Amino acid sequence: MLDQFSEHIATNFSYLRDKKLLIAISGGVDSVVLAELLNELDFDISLAHCNFQLRGADANQDEVFVNAIANRIQIPVFTKKFETKAIAKAEKLSIQLAARELRYDWFKNLLIDNDLDYILTGHHADDNLETFLINLSRGTGLDGLTGIPEKNGAIVRPLLPFSRNQIEQYARKQNLKWREDTSNAETKYLRNKLRHDVIPALKSINPRFLDTFSTTIHHLQDTQQIVAASVENIKHKVVHSDTNGILTLDINELKKLASSKALLYELLKGYNFTAWNDIYNLLEAQAGKFVLSNSHRILKDRDFLIVSPKLAEPGNEIYTLKSFPSSIQTELFQLKITTSDNFYPVKESNTIFVDADQLIWPITLRKWQNGDYFYPFGMQGKKKLSKFFKDQKYSLFDKENTWVLISDDKIVWVIDARLDERFKVTDSTKTILKLELI
């Protein structure tokens, strides 16, 4: 296996040769063999071991075992204990998900703090098959059927072409020792049930099942590249804009496509949505309907679908400015107020000029509220903001993100939209203030 592994590295991972590599090692046979192979090939490696404190004394013995490996082959080792159960409870995560997030966050910090280049894991061909079957059993798109990527950012998985059987045979031949996680024998977890009950049955039907599966994965990966290229070719027809984390999709253009549902999935799969039927139904839904994921919202707004990060719970943020010149920083923008010697018309909505003498200080900055009204610049009479939004065709997202600048309970400026007529600069203005968003 050493020769096969060496050839595989030279062909597919030659960029690792002069890099500093961090091996994620549990003490199990796969990560132990990965460390031994790379050490045999004289790579610059370090070990990183997580003790999640989920298996009592066994977890502590795993840590001792990993330290012993590092001492034997004389390489650096990093270990860390995590209060996994407490963190999972506090973050409302499953134990497995909490452990995964803790592990990879720590690994990435190790790279930065120790000037390392890549994280290497011991995932192998059997892990790939298990992941495929898990995704298949839960329902997935093409991405979920293309297996574990060999490289994902700084994470590299050089053992993916090798089976668990090959790895164990190499370990026995080299008289290597490893730790067995007793929880791997329990079938209450889906992955273990597949490993012990389903996959052996598939291999009994076809002894070369793992090889044919690997061939299928490669075909699916090729198909995935074709799909990605096709999506890019037609994306410009459907995506109206993609700026500031907000994606706007043209519904009419989507409906023209025979594969509109498939395209919608490809465009939105990175936004953590799961209620795909509800999303497809938005194409025919009334304006204002929306669907949530754990991170985003997709809103039906007239002829468009608008995807935006999900807002935090609404707050009562109010910012106060006591005089000029001054500035205030919100989460979304900075408002800067300065004096100006000249008044000049501006076309940009992010800059206005006002008559300083019309302001009563302090002035405040807040989100708009029901019942707010103002006197739109260039118009006669007042208008409710709700009517202004309707006339300007504001989406729900636009309205939620609208701020107003207030002086003595009067709206001075609907931020980034319209000045109030009462505060405009006139021939009798003595002091001109320039208000701009930065």
Completion exercise
Apart from one, (1) open to solvent by 60 Å² or more (accessible area, probe 1.4 Å); (2) under 28 Å from the mean Cα position of the chain (by Cα) all hold for Thr339; the odd one out is (2)
Handout entry: Check on Leu267, more than 18 Å from Ser308 (Cβ to Cβ), open to solvent by less than 30 Å² (accessible area, probe 1.4 Å) and part of a helix (DSSP H, G or I)
Key = no
Problem - Residues within segment 395-411 that are assigned to a strand (DSSP E or B), surrounded by fewer than 19 Cβ atoms within 10 Å (Cβ to Cβ) and under 31 Å from the mean Cα position of the chain (by Cα), tallied - result: 0
Exercise for the section: Determine the pairs where a residue that is assigned to a strand (DSSP E or B), located within segment 376-393, has a partner that is small (Gly, Ala, Ser) and open to solvent by less than 70 Å² (accessible area, probe 1.4 Å) with Cβ atoms under 8 Å apart, the partner being 6 or more residues away or on another chain. Expected result: Lys384/Gly371
Handout entry: All positions within segment 365-394 that are of a type in the set (S, T, N, Q), over 23 Å from Tyr319 (Cα atoms) and loosely packed, with under 10 Cβ neighbours inside 10 Å
Key = Gln380
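Quick grid of which residues meet (1) under 23 Å from Leu41 (Cβ atoms); (2) in contact (Cβ under 8 Å) with a residue 40 or more places away in the chain; (3) among the acidic types (Asp, Glu); (4) surrounded by fewer than 16 Cβ atoms within 10 Å (Cβ to Cβ):
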{"residue": "Ala88", "(1), (2), (3), (4)": "no, no, no, no"}
{"residue": "Ile95", "(1), (2), (3), (4)": "no, yes, no, yes"}
{"residue": "Gly122", "(1), (2), (3), (4)": "yes, yes, no, no"}
{"residue": "Ala125", "(1), (2), (3), (4)": "yes, yes, no, no"}
{"residue": "Glu130", "(1), (2), (3), (4)": "no, yes, yes, no"}
{"residue": "Leu136", "(1), (2), (3), (4)": "no, no, no, yes"}
{"residue": "Gly141", "(1), (2), (3), (4)": "no, yes, no, yes"}
{"residue": "Gln174", "(1), (2), (3), (4)": "yes, yes, no, yes"}
Completion exercise
Quick count over segment 105-119, residues being surrounded by fewer than 17 Cβ atoms within 10 Å (Cβ to Cβ) and among the aromatic types (Phe, Trp, Tyr), is 1
Problem - Residue list for segment 194-229, filter: without any contact (Cβ under 8 Å) to a residue 24 or more places away in the chain, hydroxyl-bearing (Ser, Thr, Tyr) and open to solvent by 60 Å² or more (accessible area, probe 1.4 Å) - result: Ser204, Thr215, Thr216
Handout entry: Residue satisfying condition, being in a strand (DSSP E or B) and more than 25 Å from Lys424 (Cα to Cα), within set Ile328, Ile337, Ile306, Ile352
Key = Ile306
Fill in the blank from the handout: Subset of segment 152-166, residues part of a loop (DSSP other than H, G, I, E, B), touching a strand residue (DSSP E or B) at 6+ places or on another chain (Cβ under 7 Å) and buried (at least 18 other Cβ atoms within 10 Å of the Cβ), comes to Pro158
Exercise for the section: Tell me, please, whether a residue that is open to solvent by less than 60 Å² (accessible area, probe 1.4 Å) and acidic (Asp, Glu) can be found in segment 144-151. Expected result: no
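The values are calculated or read from the model by the stated rules, or taken from the named source; none is laboratory data. What you are looking at is a predicted structure, and each value in this text was computed from that prediction instead of being measured. In this analysis, Cβ positions are derived from the backbone assuming ideal geometry, glycine residues included, and neighbour counts consider all displayed protein chains. What goes into the accessible areas is simple: the full protein's heavy atoms, side chains included, and nothing from ligands, DNA or RNA. Shrake-Rupley method; radii C 1.70, N 1.55, O 1.52, S 1.80 Å.
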